[in-house]
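Scroll down for the structure; my scribbles are underneath it.
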Amino acid sequence: METQLLSIDEMLETAFEIFYEMAEDNLDYDDLLAYQERFDDEGAAVAVKAESDWESHVAFEVDREVFVEVRIGLTSGDTLDDVLVRMLISRDPEQKFCHMLWKRAAE
């Protein structure tokens, strides 16, 4: 029997839940403050095909039918121009997996 994959809307909802739980510990204070102040008007999440660099971050071959990349950040117009986190999330409800790449302040 084939597993029913979660919808993109379900993935975006899950991504926001994880983001809110972890943002305070992983974002630079200024980025977190900007997001909190501007979220209502400019906050967004988009699901895209997983970029090719994920294999180097997770050390396995990413099945792009099962995994989706979600980006959360701030927009200007229709463009997500300040990406605060990139998330690789499994759409398979039996194989929960999430790996996050947070925006970091310039050191």
Can you give the charge dipole size of the chain about its Cα centre, rounded to the nearest 20 debye, using +1 on the beta carbon of Lys and Arg and -1 on the beta carbon of Asp and Glu?
220
Rounding to the nearest 10 and keeping the result within 0 to 90°, find how far the Cα-based axis of helix 29-42 lies from the longest principal axis of the chain.
80
Which of the chymotrypsin sites (Phe, Trp or Tyr not before Pro) across segment 20-67 are loop residues per DSSP, with 10 or fewer other Cβ within 10 Å?
Phe60
Ignoring any ligand, DNA or RNA, what whole percent of the accessible area of the chain comes from carbon and sulfur when the probe is 1.4 angstrom?
45
Which loop GluC sites (Glu not before Pro) in segment 1-89, with loop taken from DSSP, have no more than 10 other Cβ atoms within 10 angstrom of their Cβ?
Glu2, Glu61, Glu65
Any chance you could check the Cα centroid distance between segment 71-107 and segment 1-46 for me, in angstrom?
7
Which trypsin sites (Lys or Arg not before Pro) from segment 1-89 combine a DSSP loop assignment with at most 16 other Cβ atoms within 10 Å?
Lys49, Arg64
Computed over the chain, protein heavy atoms only, probe 1.4 angstrom, the accessible area per residue in square angstrom equals 65
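The values are calculated or read from the model by the stated rules, or taken from the named source; none is laboratory data. What you see is a predicted model, and the numbers here were worked out from it, not measured in a lab. Note that each Cβ is placed from the backbone with ideal geometry, even for glycine, and that neighbours are counted across all protein chains shown. Side chains included, ligands, DNA and RNA excluded: accessible areas come from the protein's heavy atoms. Shrake-Rupley method; radii C 1.70, N 1.55, O 1.52, S 1.80 Å.
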